[in-house]
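A quick write-up on the structure given underneath.
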Amino acid sequence: MTEKKPKLSPAEYEKRRKEADRKNQEIRKKIAEKEGKAALKGLHVDDIIPIRKGGHPTDLKNKQLIPAKKNLEKGTKLPKK
């Protein structure tokens, strides 16, 4: 049975989204410093489990680099098991 996460209030979601955005920028900066900005072209830092679905906004285990198009198609869907 899947445990249902409580729905976030708009204020709590906004707070977590800002935390996630800061962490994503930090990840992009580190990759750019190591690999060059070109390495990030066309890629997004994605929250594997979306913040709206209870994903942790700053946990690196909840982050992945994926093509921008795929991330936009994914939206807030949970990963397939």
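Laboratory data are not the source of any read-out in this text; all were calculated from the coordinates shown. Everything quoted here is computed from the prediction, not taken from an experiment.
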With -39,500 (n - 2.57) per DSSP H segment of 4 or more residues and division by the full residue count of the chain, the 222 nm estimate, nearest 500 deg cm²/dmol, is -13500 deg cm²/dmol
Using only Cα atoms and rounding to the nearest 10 degrees, what angle (0 to 90) does helix 10-35 make with the longest principal axis of the chain? 20 degrees
Report, ordered by chain and residue number, the aspartates and glutamates lying within cross-link reach of Lys77, taken as a straight Cα distance under 13 Å and ignoring same-chain residues fewer than 8 apart. Asp46, Asp47
Once Rh for the chain is found with the Kirkwood sum over Cα pairs, what is the Stokes-Einstein diffusion coefficient at 37 °C and 0.692 mPa s, in µm²/s? 242 µm²/s
Take every Cα pair under 8 Å in the chain that's 6+ residues apart, average their separations, divide by the length, and report that relative contact order as a whole percent. 29 percent
Would you mind listing how long the range 42-81 runs along its three principal axes, going by Cα atoms, in whole Å with the largest first? 25, 18, 18
